[in-house]
Amino acid sequence: MTSRLLDAQELVKSFGGLTAVANVSVHFDRNELVGLIGPNGAGKTTLFNLLTGETPLTSGSISLYTDQGVQTLNGKKPAQIAQAGISRTFQNIRLFKDLSVLDNVKIAMTNHYQEGFLTSVFRLPKFYQTEAAMAQAAHELLKIFDLTAVADQPARNLPYGTQRRLEIVRALATKPSLLFLDEPAAGMNPEETADLTQLIRQIQRDFHITVVLIEHDMSLVMNVVERLYVLEHGGLLASGTPDEIQRDPAVIKAYLGGA
Amino acid sequence: MKVTLKSNLAWVGVMLFGFIIIDALEFAGLINTFIENMLVTIGINVILAVGLNLIIGFAGQFSLGHAGFMAIGAYATGIMTQTMSTPLGFYISMVVGMVIAVIAAVIVGVPTLRLRGDYLAIATMGAAEIIRIVINNLKITNGAAGLFNIPALASWVTVYVLMCLTTIVTVNFIHSRGGRAVMAVREDELAAGAMGINTTRWKLAAFVFGAATAAIGGSLHAAYIQTIAPGDFNIMASIAILIIVVLGGVGSITGTFVAAVVLGALDTILQNFGTVRMIIYSLALILIMIFKPAGLLGTWEFSFRRWLTKGAVTHD
Ligand SMILES: Nc1ncnc2c1ncn2[C@@H]1O[C@H](COP(=O)(O)OP(=O)(O)OP(=O)(O)O)[C@@H](O)[C@H]1O
Ligand SMILES: [Mg+2]
């Protein structure tokens, strides 16, 4: 049984004369892993930016289905959308570089742990309790991604691939119901990529969340995702299960044709 | 937990130690009014600069009007203690000054902090000028002549205690949920927003916090020096506080303390040098900026916790 999580209808984004996203409609259901593929400049990142409120829509509508009912995300700020349960990573890693790995994760928990002003500045017992609870929750997440040993290091000291994993942990710490990962395996070798993809599959199941994954290496996503969207030149070229996509004539022509 | 307790106790020890030393020197008659004046000025400058460092170094927002908020505190005390010349009256005036400073900070901050970029610097500079001009033209503030014979309701002890208190509160804020949110905004505003941080709200929180502590500094200044005039709170006064922050290290509270002490002592020593004073002073600053552009301490902080856990860390 599937239930709808997010519905995006006829999204359009123009940058001056360039239409980066042209009339794209996508939807995501609860508890699924969806791939978003397409060549360079297809509009994948722009689509993520539209869905997370980072870039304002030229036109279209986005609705999120929550326990409280359907809410429109049109015109909402990124922070409000994040609070509604949508989180993301960035193609060009955007960690809080000078802060520790642990603090990076704790920052993402800001809205889930109430620590009043007076409680913190006068170090009342509640402060220590909240901090301990946050630290424990953060460490549990770090452990899943094998980051325990570097918890106290500044994020900037981490190797590239590790920074990417930390970004996923940070995104998870906001307790999202929908997680957008923009090329999480960029710069990794095929083996690391396969490991990470498996890990993403695992957390998607363990956390009961929906993950949308941008990936360049089509063959890798094929094995793990339930559904795929294929973008080209800002438009939706095809969508469906990996099987359907592989047999889709348009995709074969445009994407696999050259291979 | 144990380390936390030990480190907190160590800090209490440091504060008590400082107090006892000054008190003993006072008792022995080794501190004349001149030196006491220097110590009190250092203490007030610490209060002002710690707050400004929170805004600039931790929240990453550039504010150029700190003296404006200081003026609000100073005049609240200067005016109110004329009719309420009791310690209670002094503290009430301080709270009133803080409240007005907070309101002013919200008025300046809400429209400018929504935007990314250095709009705050221009807005705060303008706001501080407006505050000064208003004070210059009001009857109740005695215009350009300023206020004299303000009751002496603050001693070096008052300044010392409030310096410790505001620093504790500020440092505790930095090492809590709010401080982390504020630093996230500094590090990457876009990523902070994407993680659900209400960036405008946290920038405003740091700015308002700094404004409130500046008002405390102003109240103490009025009640200790006993004379205030609008000219005391001009742009040069704001820049003097900024210099302490930049010299000590943007993002280092320890650095702010060191810089406030060094500059306070330098200023006092150079007083005998007449006009050469400004030249030596400026030269010293230029040299430090050339050889230590990140400030004396950069972002380094002294920490008892680090000391206490040294050697005891077992990384498996
Ligand atoms: N802020 C912007 N201003 C102008 N043009 C933009 C902007 N952002 C993206 N574009 C353009 O929109 C198009 C789609 O870019 P986008 O980054 O979404 O592609 P992508 O599918 O993520 O590509 P890649 O695989 O290289 O990451 C590109 O032509 C890009 O140059
Ligand atoms: Mg992209």
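Can you tell me which residues in the range A:27-58 are within 12 Å of ligand 2 (Cβ to nearest atom) and within 14 Å of another protein chain (Cβ to nearest Cβ)? It would help to see each step written out before you state the result.
Initially, the range A:27-58 is screened for residues within 12 Å of ligand 2 (Cβ to nearest atom), giving A:36-49.
Answer for the range A:27-58, where residues must be within 12 Å of ligand 2 (Cβ to nearest atom) and within 14 Å of another protein chain (Cβ to nearest Cβ): A:THR45, A:PHE48, A:ASN49.
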Given (1) more than 16 Å from ligand 2 (Cβ to nearest atom); (2) touching a residue at least 24 places away in the same chain (Cβ under 8 Å); (3) part of a loop (DSSP other than H, G, I, E, B), A:ALA135 misses just (3)
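Matching residues to (1) surrounded by 12 or more Cβ atoms within 10 Å (Cβ to Cβ); (2) closer than 16 Å to B:ILE239 by Cβ; (3) touching a helix residue (DSSP H, G or I) at 6+ places or on another chain (Cβ under 7 Å); (4) not small (Gly, Ala, Ser):
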{"residue": "B:PHE257", "(1), (2), (3), (4)": "yes, no, yes, yes"}
{"residue": "B:GLY274", "(1), (2), (3), (4)": "no, no, no, no"}
{"residue": "B:ILE279", "(1), (2), (3), (4)": "no, no, no, yes"}
{"residue": "B:ILE290", "(1), (2), (3), (4)": "no, no, no, yes"}
Considering only residues that are over 13 Å from A:PHE180 (Cα atoms) and open to solvent by 20 Å² or more (accessible area, probe 1.4 Å), look in the range A:32-53 and name the one that is farthest from ligand 1 (Cβ to nearest atom). A:PRO39
Elements of type helices (runs of 4 or more DSSP H) contained in the range B:129-227, each with 2 or more residues being modelled with pLDDT of 95 or more and under 23 Å from B:MET80 (Cα atoms): B:156-174, B:199-225
Unmet criterion (only one of (1) of a type in the set (S, T, N, Q); (2) more than 30 Å from A:ALA82 (Cβ to Cβ); (3) open to solvent by 10 Å² or more (accessible area, probe 1.4 Å)) for B:SER219: (3)
Selection over the range B:13-33 where residues are within 17 Å of B:GLY264 (Cα to Cα) and either without any contact (Cβ under 8 Å) to a residue 24 or more places away in the chain or open to solvent by 100 Å² or more (accessible area, probe 1.4 Å) (or both) yields a count of 3
Only one of B:VAL250, B:VAL245 is buried (at least 16 other Cβ atoms within 10 Å of the Cβ) and outside any helix (DSSP H, G or I). Can you tell me which? B:VAL250
If B:SER63 satisfies every condition in (1) touching a Ser or Thr at 6+ places or on another chain (Cβ under 9 Å); (2) in a helix (DSSP H, G or I); (3) open to solvent by less than 60 Å² (accessible area, probe 1.4 Å) but one, which is the exception? (2)
Quick count over the range B:5-21, residues being in contact with a helix residue (DSSP H, G or I) (Cβ under 7 Å, 6 or more places away or on another chain) and aliphatic (A, V, I, L, M), is 2
If I ask for residues that are open to solvent by 10 Å² or more (accessible area, probe 1.4 Å) and hydrophobic (A, V, I, L, M, F, W, C), which ones from the range A:210-223 would you list? A:MET218, A:LEU220, A:MET222
Out of A:ARG156, A:ARG165, A:ARG170, I need the residue that is free of Cβ contacts under 8 Å to residues at least 40 places away in the same chain and on the phi < 0 side of the Ramachandran plot. Which one? A:ARG165
Which count do you get for residues in the range A:151-183 that are part of a helix (DSSP H, G or I), touching a strand residue (DSSP E or B) at 6+ places or on another chain (Cβ under 9 Å) and more than 16 Å from ligand 2 (Cβ to nearest atom)? 6
Among the residues of the range A:173-202, count how many are crowded, with 20+ Cβ neighbours inside 10 Å and either within 14 Å of chain B (Cβ to nearest Cβ) or more than 15 Å from A:VAL221 (Cα to Cα) (or both). 9
Tell me, please, whether a residue that is at pLDDT below 95, of a type outside the set (Ser, Thr, Tyr) and more than 24 Å from B:THR227 (Cα to Cα) can be found in the range B:83-94. no
Complete set of residues in the range A:93-129 that are of a type outside the set (A, V, I, L, M, F, W, C), facing chain B (nearest Cβ under 7 Å) and over 20 Å from A:HIS139 (Cβ atoms): A:ARG94, A:LYS97, A:ASP98, A:SER120, A:ARG123
Can B:VAL185 be described as β-branched (Val, Ile, Thr) and within 8 Å of chain A (Cβ to nearest Cβ)? no
Which of the numbered conditions does A:GLY235 fail, given that it passes all the others? Conditions: (1) small (Gly, Ala, Ser); (2) away from ligand 1 (no atom under 16 Å from the Cβ); (3) under 21 Å from A:GLU10 (Cα atoms); (4) in contact (Cβ under 8 Å) with a residue 24 or more places away in the chain. (2)
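The values are calculated or read from the model by the stated rules, or taken from the named source; none is laboratory data. The model shown is predicted, which means the values in this text are computed figures rather than measured ones. Neighbour counts run over all protein chains shown; Cβ positions are idealised from the backbone, glycine included. Only protein heavy atoms, including side chains, enter the accessible area calculation; ligands, DNA and RNA are left aside. Shrake-Rupley method; radii C 1.70, N 1.55, O 1.52, S 1.80 Å.
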